[in-house]
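The values are calculated or read from the model by the stated rules, or taken from the named source; none is laboratory data. Note that this is a predicted model, so its numbers are computed, not measured. Positions of Cβ are backbone-derived with ideal geometry, glycine not excepted, and every protein chain shown enters the neighbour counts. Note: areas computed on protein heavy atoms with side chains; ligands, DNA, RNA excluded. Shrake-Rupley method; radii C 1.70, N 1.55, O 1.52, S 1.80 Å.
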Amino acid sequence: MASTATLTHYGVHPKRGRDATDAIGILPAFTGTAEHDAWAPYFTYDDCAHALCNAHLLRALTSLPAKQHQAWADELVTLLVTTKDLVDTTRATGQEHLDEVLRATLDAHYDHLLAQGRAANPLPPPSPAAPPPRRGKRKQTKAQNLLDRLDTHRREVLAFLDDFAVPFDNNQAERDLRMMKVQQKISGGFRSPAGAAAFARIRGYLSTLRKQGLPVLHALEGVFAGSPLVPSLSA
């Protein structure tokens, strides 16, 4: 699924991964900023910029197991929420970026909290008697994995700070996906790929009409009459 404030598209594919997103056809041609939950296949698209959904990160920071939950996580939640408020307030005045000194201060605070997180969650040194490590990523705690994400993708986490047009989160997509998940939960699936594709197309059309304030019933009447109402395709 891909969506904006005015458009919704649902795609159906038997696989989950780059094969699916390539076949759906939006991300391969997209050159804007894609905001998502850090799913690895998204980062394989290099022609667009990326932003991470901070709602996902806030949930991850507040849901760390009690034994892994340290002060740095709470402080980072406060920093992200405070930064969002600063961006919202600055945008409301007609400005397009924060004061450079303030921006540098926020960046430094972010780095400081990550350093605190690293200090509180050090990787254990390898044991001299331990067997050679297996191939693949070394097993880590949830806190260590989260710190890796916050560090590796710090620019994507703070993309809303670099570009005021980038939302703080992708709750728009979460809202657009909710009824599809409800349908999946109730029916369990579709009897044919064609039925699934038809449902996705109809649902995306109706969602787009509502977003653009167009009359849904009138549009459906037009579809059956052979003169469908075509919504604006500008994002």
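The table for this structure:
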read-out: Yes/no for residue 67 being in a helix (DSSP H, G or I), open to solvent by less than 80 Å² (accessible area, probe 1.4 Å) and not hydrophobic (A, V, I, L, M, F, W, C); value: no
read-out: Residue match in region 91-113 (condition: under 21 Å from residue 173 (Cβ atoms), assigned to a loop (DSSP other than H, G, I, E, B) and either under 17 Å from the mean Cα position of the chain (by Cα) or without any contact (Cβ under 8 Å) to a residue 24 or more places away in the chain (or both)); value: no
read-out: Matching option when the condition is surrounded by 14 or more Cβ atoms within 10 Å (Cβ to Cβ) and within 12 Å of the chain's Cα centre (by Cα), among 60, 51; value: 51
read-out: Any pair with Cβ under 8 angstrom, 6 or more apart, that starts in region 73-89 at a residue that is in contact (Cβ under 8 Å) with a residue 24 or more places away in the chain and ends at one that is open to solvent by 30 Å² or more (accessible area, probe 1.4 Å) and of a type outside the set (Ser, Thr, Tyr); value: 75/116; 79/109; 80/58
read-out: Of residues in region 1-24 being β-branched (Val, Ile, Thr) and in contact with a Gly (Cβ under 6 Å, 6 or more places away or on another chain), the one most open to solvent (accessible area, probe 1.4 Å); value: 24
read-out: Entirely in region 156-218, the helices (runs of 4 or more DSSP H) that have 2 or more residues that are under 30 Å from residue 83 (Cα atoms) and free of Cβ contacts under 8 Å to residues at least 40 places away in the same chain; value: 171-187
read-out: Every residue from region 25-38 that is free of Cβ contacts under 8 Å to residues at least 40 places away in the same chain and open to solvent by 60 Å² or more (accessible area, probe 1.4 Å); value: 26, 29, 30, 31
read-out: Test: residue in region 224-235 that is small (Gly, Ala, Ser), modelled with pLDDT under 90 and either more than 30 Å from residue 98 (Cβ to Cβ) or surrounded by fewer than 16 Cβ atoms within 10 Å (Cβ to Cβ) (or both); value: yes
read-out: Qualifying residues in region 14-35 (those that are part of a loop (DSSP other than H, G, I, E, B) and modelled with pLDDT of 90 or more) - the one nearest to residue 156 (Cα to Cα); value: 32
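Rundown of residues vs (1) open to solvent by 70 Å² or more (accessible area, probe 1.4 Å); (2) of a type in the set (D, E, K, R); (3) in contact with a Cys (Cβ under 6 Å, 6 or more places away or on another chain); (4) within 18 Å of residue 26 (Cβ to Cβ), yes/no style:
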position: 163; (1), (2), (3), (4): no, yes, no, no
position: 181; (1), (2), (3), (4): yes, yes, no, no
position: 186; (1), (2), (3), (4): yes, no, no, no
position: 196; (1), (2), (3), (4): no, no, no, yes
position: 218; (1), (2), (3), (4): yes, no, no, no
position: 221; (1), (2), (3), (4): yes, yes, no, no
